[in-house]
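There's a structure below that I have some questions on.
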Amino acid sequence: MNLFAKSKVHPMTSEPVVPLSPDRQAQRDHALELLRAGVGDPGVDFRDDQWNVIDSLVNRREKVLLVQRTGWGKSAVYFIAAKLLREQGRGPTLIVSPLLALMRNQVMAGKRMGLRIGALHSGTNEHFDTFVQMIENDKVDVLLVAPERFANQRFLDRLLPLVLEKTGLLVVDEAHCISDWGHDFRPDYQRLANIIQQLPPNSPLLATTATANNRVVEDVQRQLGNVRVSRGALIRENLSLQTLSTMSATERLAWLAGTIPRLPGRGIVYTLTRHDAERVAAWLIARGINAHAYHSDIVTSDHDDSTDAKMSLEETFTSGDLKVLVATTALGMGYDNPEIRFVIHYQSPGSIIAYYQQVGRAGRGRDGALGVLMSGPEDSEIHQSFRTGSLPTGADVIDILNALGAVDGATSTQLMGSVNIPKGRLDHALRYLSVQRPAPVVRDDRVWRRTPVRWRKDYVEQRDDLIALRESEWQEMQRYRRLAPGCQMHFLLQALDDPNPPERCGRCENCRGKPVMGVELDPDLLHLAHRHSGQVAADVISPRIQVPKDALPIYGFATRISPERRAEPGRTLGRWGDDSWGGRAALGKHNGAFDDDVIEAAATFITRQWKPAPALTWVTCVPSRRHPHLVPELARKLAGLLDLPYVNAIAKVRDTEPQKVQENSVHQCRNLDGAFEIVAAPNTGAVLLVDDLVDSGWTFTILALLLRQAGSGPVLPFALATTKTRDG
C-alpha cells in the first residue's frame, strides 16, 4: 500500500428519505449555492447531516450540539444558517468562540457567502462604539465575540442587550470548553448558561465541537438545556499512524532530520513548549529544511507583533513556501489546512482527545497522510506541571477570599502582594470563582471584590477531580503509545466514544504489520544533533525593566528600572536536567562541583556563540550561604578560561527562602530585599555575573542594580542552566 496514494472518495451527501417540498427544495438548493461560494468549489456537495442541521436551525428553531471531526464543515453550517435566517428577516448571528485569531479562513468563507461579519476582541476595543452603532443600524449579519467578553461590564451593559434583542442564532463554537471535563475548559464559558436563558424561546442555538467524548457531551447538554445531538464518524480514512518508543532529544532530532526530507508536501511538528519549538526549528533549518517555530509569543524579522507574525507564518505555510511549522498548541483549535501531509509529535500530548485533534490536522485532503507520535523522558514532568500549574488549590482559594475580605477591592496585581500565587494561577482562580453560582467574588472593571457568599469546599473538590481525570487521560495516552497488536485508529476512536469505530483502519503500523516510516537513526545525524543540542539549548535571560510596587522597601529602588541600571540580556548554557549541558549541570550541583568539561563548554559558548557586547572585563558571581563554594569556584575557573580577573564583589548578608517556593514577582522580590551587599569596589567595565541556575531572573536583576549603583559597568548575567517553568 502506498502511504501517499490518493484515497478512495466516499460520497458525503445524505439525501432525506422523505422528498422535500418545492419551497424547502429551493431553500436547500440555495444553501448549496452558498456552500459552493464559501469554499470556492462549484462541485462540492453537502456532507452527511450538514443540510439536516441547517434545516433544524433555520426552519424548526432547534437547539443542536454538533459533534463532527475538524474539517467536516461545522463553520459552513452556521454561516449558511446565518445567511438564510437573515434572508427571512431574522436578526444577526452571535458566535462565541475562543479562536477569533484563528478563524480567518472561516470568516473569509462567510464573506464569500455575502455575510457582513464583525469580530469583537481585545484588539478592537477602540471600535466598541462603532460596533454598537452597527448593531443598532442592522449593519452586521454575524458578530464574533470571545467568551471573555461576557466578563466585560461595558459589553454586558451596552452591546449584549442589543444583540440578544435581535439575535437570530446563537453559536457556541468549541463547545467542549464549557465542560469542566473538556480538554480546554475555560471558566468564562460558564457564563453562557445565563445568556442562553435570556434568549427568546424560539431562538435556535448551535453548539459545535470536534473533540468531545460521551462525558463531555452529557455535561454540555446539561448546561445548554434540551439540545439535540448530531454526531458523526470521527475516522480519518487518509491518515496512517505510527508510534516510536521513548527517545532522547538527540535521537528525536536525528530522526526528524533523516525523515522529513523524504516526506512529500508540508507538515507540522508539535512540541509541548515554546523553547522546544524554537530548538527543533533551529535544528531543521540547520539541516537545510525550510522550517519555522510557531508559538503564542512568536515574532519574525518582518513582524514584531505576535498576532501578525502568526498570520504571516500561516499564509507562508499555506502557500507552500514553508515545509514545516514547529508548533505548540498555539496552532490548535480552528486551524484548517487540507494540504497538510504529515503531523509529527516531538513530545506526547496529555490526552487522546488532544492527540486526535492535533494529528487530525493531516489527511483532510484526498491524498494520504502520516501521523507519527514520538515521546521523550521529559514528557511526564511537563504534563505534571501543566495539570497542576493553573488550577487553584484549596489554600489558594482561602488565601484569595481572605485577602479580598480584608480590603475594599483589589486588582489581581495588587493581590499578588497578599497571596503567594503565580499570576496565571491567580487570574484563573479569580475567573473560576466569579462564574460560580452564587459567586464569592465579582469583578468591577479591573477590581475584584468579595461578596457575602461563603466559601464552599466544592470550589476545590472539583480541582482534585479534574487533576485525577487529567492523570487518567495521561495514562490512557501511554496505553495508546504502548499499544502492541491493536489498530491505533480504532483505539483513538473508541477513546472518543465514536458510535461505530471500525475494528481495523488498514493503514496504521499495526494493521500493516510493519512501520509506516523507517526508525533507523543515521550515526552522522546523531553526532550532529548532539553537538547542535549543546549549541542551541541556551535561553536568553531577558532583563527585567520594572520592580513591583513596594516590593523592595529596604533597597528602595524606583519602580521603573532605567536603562543604565538594568541588566543586559544574559544567557544560559542549557535547560536544567536536559540531555545536554543542562543535565550535566544538574549532576554537578548534586555532586557539589561542576566538571571541567561543563565549565569549558560554558567558556566556549560565551566566546564563540554569545560573544557578549560590550566586551567583558571582569567576572563576579551570585553568592550563596547554603553552598558557599560551589558557584564561586565555577566563576573563578570560568574567569581563568576567559582570561579575565575574578572579583568577589558581592556578599549575601542574610538567609533567604529558596526562590523556587516564591511563586510571583512580589514575593520573589521581597524574599531578596536587603539580602545582598556590594563588598568590593567593582570594575567600571562590563562584568559577567555568574550563577549556576536561573528561574525568575530577579536575583540577577537586583544584583545588577546594586552593581551599577556601586559604579560597575554593564552587567551581563550568565547561568549554566535555567529552571524556568516550561510552558506552551
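The values are calculated or read from the model by the stated rules, or taken from the named source; none is laboratory data. Just so we're clear, the structure is a prediction, and the values are computed from it rather than from any experiment. Please note: Cβ atoms are built from the backbone with ideal geometry, for glycine as well, and neighbour counts cover all protein chains shown. Side chains are part of the model used for accessible areas, which takes the heavy atoms of the whole protein and leaves out ligands, DNA and RNA. Shrake-Rupley method; radii C 1.70, N 1.55, O 1.52, S 1.80 Å.
Which members of the stretch 588-608 meet the condition of being assigned to a helix (DSSP H, G or I) and surrounded by 13 or more Cβ atoms within 10 Å (Cβ to Cβ)?
Result: 588, 589, 598, 599, 600, 601, 602, 603, 604, 605, 606, 607.
Here's something else I'd like to know. Report yes if residue 462 is in contact with an Asp or Glu (Cβ under 8 Å, 6 or more places away or on another chain), surrounded by 19 or more Cβ atoms within 10 Å (Cβ to Cβ) and farther than 30 Å from residue 675 by Cβ, otherwise no.
Criteria not met by residue 462.
Looking at this structure, is residue 351 among the small types (Gly, Ala, Ser), modelled with pLDDT of 90 or more and touching a Ser or Thr at 6+ places or on another chain (Cβ under 7 Å)?
In short, no.
Look through the stretch 450-489, keep the residues that are among the β-branched types (Val, Ile, Thr) and under 30 Å from the mean Cα position of the chain (by Cα), and return whichever of them is farthest from residue 515 (Cα to Cα).
So the residue we want is 460.
Mind checking which residues of the stretch 282-294 are among the aliphatic types (A, V, I, L, M) and over 17 Å from the mean Cα position of the chain (by Cα)?
282, 284, 285, 286, 289, 291
Let me ask another. For residue 706, are the conditions met, namely being open to solvent by 10 Å² or more (accessible area, probe 1.4 Å) and under 33 Å from the mean Cα position of the chain (by Cα)?
no
Please go through the stretch 678-703 and give me each residue that is among the hydroxyl-bearing types (Ser, Thr, Tyr) and buried (at least 23 other Cβ atoms within 10 Å of the Cβ), ordered by number.
Result: 699, 701.
Okay, moving on. Could you list, in sequence order, the residues of the stretch 365-389 that are assigned to a helix (DSSP H, G or I) and either β-branched (Val, Ile, Thr) or open to solvent by 10 Å² or more (accessible area, probe 1.4 Å) (or both)?
Of everything in the stretch 365-389, those that are assigned to a helix (DSSP H, G or I) and either β-branched (Val, Ile, Thr) or open to solvent by 10 Å² or more (accessible area, probe 1.4 Å) (or both) turn out to be 380, 381, 382, 383, 384, 385, 386, 387, 388, 389.
Being within 21 Å of residue 379 (Cα to Cα), touching a strand residue (DSSP E or B) at 6+ places or on another chain (Cβ under 9 Å) and outside any loop (DSSP other than H, G, I, E, B) is the filter here, so list the residues in the stretch 312-364 that pass it.
325, 326, 327, 343, 344, 345, 355, 358, 359
Could you look through the stretch 62-100, keep only residues that are of a type in the set (Val, Ile, Thr) and not in a loop (DSSP other than H, G, I, E, B), and pick out the one that is surrounded by the fewest Cβ atoms within 10 Å (Cβ to Cβ)?
So, considering only residues that are of a type in the set (Val, Ile, Thr) and not in a loop (DSSP other than H, G, I, E, B), the one surrounded by the fewest Cβ atoms within 10 Å (Cβ to Cβ) is 64.
Further question on the same structure: So, of the residues in the stretch 265-288 that are open to solvent by 10 Å² or more (accessible area, probe 1.4 Å) and touching a strand residue (DSSP E or B) at 6+ places or on another chain (Cβ under 6 Å), which turns out to be nearest to residue 385 (Cα to Cα)?
My answer is 278.
Go through the stretch 15-61 and give me each residue that's among the hydroxyl-bearing types (Ser, Thr, Tyr) and either touching a residue at least 40 places away in the same chain (Cβ under 8 Å) or open to solvent by less than 20 Å² (accessible area, probe 1.4 Å) (or both).
Residue satisfying the conditions is 56 alone.
Identify, please: which residue in the stretch 390-402 is assigned to a loop (DSSP other than H, G, I, E, B) and touching a residue at least 60 places away in the same chain (Cβ under 8 Å) and is, among those, surrounded by the fewest Cβ atoms within 10 Å (Cβ to Cβ)?
Among those residues, the one meeting the criterion is 393.
Please count how many residues of the stretch 474-490 are over 9 Å from residue 352 (Cα atoms) and either open to solvent by less than 20 Å² (accessible area, probe 1.4 Å) or part of a helix (DSSP H, G or I) (or both).
So the answer is 8.
If residue 641 satisfies every condition in (1) under 35 Å from the mean Cα position of the chain (by Cα); (2) part of a helix (DSSP H, G or I); (3) farther than 26 Å from residue 705 by Cα but one, which is the exception?
Failed condition: (1).
Right, another one. Here is a check on your reading of the model: is residue 432 aromatic (Phe, Trp, Tyr), within 18 Å of residue 191 (Cα to Cα), modelled with pLDDT under 80 and open to solvent by less than 70 Å² (accessible area, probe 1.4 Å)?
No: the conditions fail for residue 432.
Exactly one condition in (1) more than 15 Å from residue 697 (Cβ to Cβ); (2) over 25 Å from the mean Cα position of the chain (by Cα); (3) among the small types (Gly, Ala, Ser) is false for residue 574; which is it?
(2)
Residue check, residue 309 against (1) in a helix (DSSP H, G or I); (2) over 17 Å from the mean Cα position of the chain (by Cα); (3) among the aliphatic types (A, V, I, L, M), all met but one. Which one?
The one condition residue 309 does not meet is (2).
Okay, moving on. Taking the options 417, 376, 405, name whichever one is within 30 Å of residue 341 (Cα to Cα) and not hydroxyl-bearing (Ser, Thr, Tyr).
Step by step, each of 417, 376, 405 is checked, and only 376 is within 30 Å of residue 341 (Cα to Cα) and not hydroxyl-bearing (Ser, Thr, Tyr).
Would you say residue 647 is over 28 Å from residue 421 (Cα atoms), touching a strand residue (DSSP E or B) at 6+ places or on another chain (Cβ under 6 Å), modelled with pLDDT of 95 or more and surrounded by 21 or more Cβ atoms within 10 Å (Cβ to Cβ)?
It is false that residue 647 is over 28 Å from residue 421 (Cα atoms), touching a strand residue (DSSP E or B) at 6+ places or on another chain (Cβ under 6 Å), modelled with pLDDT of 95 or more and surrounded by 21 or more Cβ atoms within 10 Å (Cβ to Cβ).
I'm told residue 541 meets every condition in (1) at pLDDT 85 or above; (2) over 30 Å from residue 415 (Cα atoms); (3) under 26 Å from the mean Cα position of the chain (by Cα); (4) of a type in the set (Val, Ile, Thr) except one. Can you identify the failing condition by its number?
If we test residue 541 against (1) at pLDDT 85 or above; (2) over 30 Å from residue 415 (Cα atoms); (3) under 26 Å from the mean Cα position of the chain (by Cα); (4) of a type in the set (Val, Ile, Thr), just (2) comes out false.
Can I ask one more? Please work out which residue is nearest to residue 87 (Cα to Cα), limiting yourself to the stretch 123-148 and to residues that are open to solvent by less than 30 Å² (accessible area, probe 1.4 Å) and assigned to a helix (DSSP H, G or I).
135
If you don't mind, there's one more thing I want to ask. Since residue 556 meets every condition but one in (1) within 31 Å of the chain's Cα centre (by Cα); (2) at positive phi; (3) not hydroxyl-bearing (Ser, Thr, Tyr), which condition does it not meet?
Only one criterion is unmet by residue 556, namely (1).
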